[in-house]
Each structure stands twice: as structure tokens, then as C-alpha cells.
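Encoded as C-alpha cells, the structure appears first; notes follow it.
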Amino acid sequence: MDTASVSEPKMPDSPAFPHRRWKDHPVPGVDFPDATTFTSDPNWMRIACEALAVRLDKQIDLLAGIDIGGLGFAGALALQNGLGFIDIRKVGSIRADVVRSLAANYELGNGIALSKGQALDGRQVAIIDDCLMTGGTALATAQLLRRLGARCTHALFVFELEGLGGRERLAQGGLAVHTLQKLPPAEPE
């Protein structure tokens, strides 16, 4: 089945998640939506995790949370849904002697890494992160997981910044994209 053509299940509209925007971050003209303004509130965190859980394919048995924004969501979703969890780390945030494999990601500068000891062969893995922008980090994650034997066909995000090409890039890379809230790349003045 062509995962790039998989559409999201019909769902009631997700609420507008409270967030602040970091002006001109990570580049001028892009204002990053910071989810930490609602993750400390148990009600908002529950709403987000329930909305993400509905979008999980039934075949998924492992969640890969991307450092740093996706880690909390992936851990919470794994617990809530009886799934496994691994963390995808930015190079430099993990000791070199515990790194299993690396994948280049020029948007992050140094790439991403996965700890040794992960049983990935044949596992169905979904990527979780807080925000989809250009898709570079999620695509590098999928490529790394696939290289290590995982089947990775879905990526879930709380926010998506429109017009930056992330959704299209991930679809070209064979990933079905699911987001809870779409936002313009810059907050209106």
C-alpha cells in the first residue's frame, strides 16, 4: 500500500492548543510554536495525547520520539497505548560510546542518533514530534529506522507550520503525516 496516499481518519476538529511562538526561530520569518505552554497542564496534555492516539495506525508497536519536543508526547502515548518507546537524539546530546547509528540531518547541523541495544528489525515504528516544519528531522529519523530494519510509515505532530514543504517532503519519503493543528509559518503581527 502506498503510505503517502493514506489520508487521516475523519475526526472532530482538534482544539486550538495554547502555545507561544518563538519569533524568528529557527530562522528569520519562521516563528516556532512552543508546546510547553500546555504540556504542564494535565487536561491539555490528555487532549493532545488522545488526539494523537486516534491517528496511530493499529499496526504500530513502537514510538520514536524526536529530541526534544517529541520525547514527552511519545512517552505518554506509549504508556497510554501499551506501546514501546525509543528516543531519537540530536548528535552531541548522547555519549559516542552508546550510539548505535547515525543519520545526517543538515537542518540540525550534526544529525541524529539512536542508542545501542534497540530491537528494531521488523518493528512497525511511528515518529512523534511537536512540530513539523520542513520535515528534515523526521525524514532523517525514518531513514535511520529503516536502515536498522524497522518499518516506518507514519509521522505524527502536534503542530504543522504550513507552506514550508514538510508534509510534501515526508509524503515523498513514504510517510503518512498526521497533525493536530496547522499554523502559518509566522505569527501575524
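Bear in mind that the values in this text are calculations on the coordinates, not laboratory data. Quick caveat: nothing in here was measured; it's all calculated off a predicted structure. Quick reminder, even Gly has a Cβ in these numbers, built from the backbone with ideal geometry, and neighbours come from all protein chains shown.
Here are the numbers for the structure shown:
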{"quantity": "Listed peptides 111-119, 172-180 by packing density, highest first (mean Cβ within 10 Å)", "calculated": "172-180, 111-119"}
{"quantity": "Fully extended contour minus Cα-Cα distance, from I68 to K23, at 0.36 nm per residue", "calculated": "14.3 nm"}
{"quantity": "The range 45-58 - phi-based ³J(HN,Hα) in whole Hz, Karplus 6.51/-1.76/1.60, Gly and Pro as x", "calculated": "5, 4, 4, 5, 5, 5, 5, 5, 4, 4, 8, 6, 5, 5"}
{"quantity": "For R20, distant residues with modelled amide H under 5 Å away", "calculated": "D34, T37"}
{"quantity": "Relative packing of 141-154, 76-89, 40-53, which averages over residues the other C-beta atoms within 10 Å, highest first", "calculated": "141-154, 76-89, 40-53"}
{"quantity": "Neighbourhood net charge (11 Å Cβ-Cβ; Lys/Arg +1, Asp/Glu -1) for P184", "calculated": "-2"}
{"quantity": "Nonlocal amide H pairs with F85, under 5 Å, H built at 1.01 Å", "calculated": "L63"}
{"quantity": "Label point distance in nm, R147-V54, each placed 7 Å from Cα along Cα→Cβ", "calculated": "3.7 nm"}
{"quantity": "Placed amide H near K182: partners under 5 Å, 5+ positions off or other chain", "calculated": "E160"}
{"quantity": "In Hz, Karplus ³J(HN,Hα) per residue of the range 130-140 (6.51, -1.76, 1.60; θ = phi - 60°; x = Gly, Pro)", "calculated": "7, 9, 9, 10, 8, x, x, 5, 5, 5, 4"}
{"quantity": "The range 117-189 versus the range 21-55: alpha-carbon centroid distance in Å", "calculated": "15 Å"}
{"quantity": "Theoretical FRET efficiency, 1/(1+(r/R0)^6), r = Cβ-Cβ of S115 and K182, R0 35 Å, to 0.05", "calculated": "0.60"}
